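Below you'll find the structure, written out as structure tokens, and then a few comments.
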Amino acid sequence: MKMPAILSLAAIALATALPTTAAQAGTKLGLLSCQSDGSLAYVIGSSKDYLCVFKPADGGAREPYLATLDNVGVDLGITGRQDLSWIVYAGSFQEGQPVSLQGDYYGVSADASVAAGGGAKILAGGPNNGFTLQSVSLQAQFGLNATAALSRLSLTPAPTEPAVYKP
């Protein structure tokens, strides 16, 4: 079996073997989708910036976020565009409460790619450690990389005003 296939299988096995906290988390609040243009990973870590949108399950207004994903562990290679999606769960949520995902989320990442590939990230945290981000499916990415790392995703609200560029 070739090395990329072994890395892909190891990434999937690690992600699926992790205990899921979604069952303990309670209420499904919506979907957080993020995109990155890619990055260069260093041997023991990486940092990637993402643009994210939270889509509430109740059909409410979408919330834009800026995100940074920091990985510490084995993280080698170069990735192009990455698309990530998580179902957002809350441990204790009352109907009508405002939802803000701003904060830091911690967990694990496992992914691999040769040209195209995928992976998963399972994270928990946010305000009062009250949220769980459960991977909807394997992420899609392009590049040449392998990652098995501890991760921190930092979410901050994105500006909602249109950007004005001056030549």
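The values are calculated or read from the model by the stated rules, or taken from the named source; none is laboratory data. Quick caveat, the model's predicted, so the values are computed rather than measured. Positions of Cβ are generated from backbone atoms using ideal geometry, with glycine treated the same way; all protein chains shown enter the neighbour counts.
Worth a mention:
- Subset of segment 79-121 that is modelled with pLDDT of 80 or more and in contact with a helix residue (DSSP H, G or I) (Cβ under 6 Å, 6 or more places away or on another chain) - its residue that is surrounded by the fewest Cβ atoms within 10 Å (Cβ to Cβ): Gly103
- Of all residues assigned to segment 10-31, none qualifies as being modelled with pLDDT of 85 or more, polar (S, T, N, Q) and closer than 19 Å to Gln102 by Cα.
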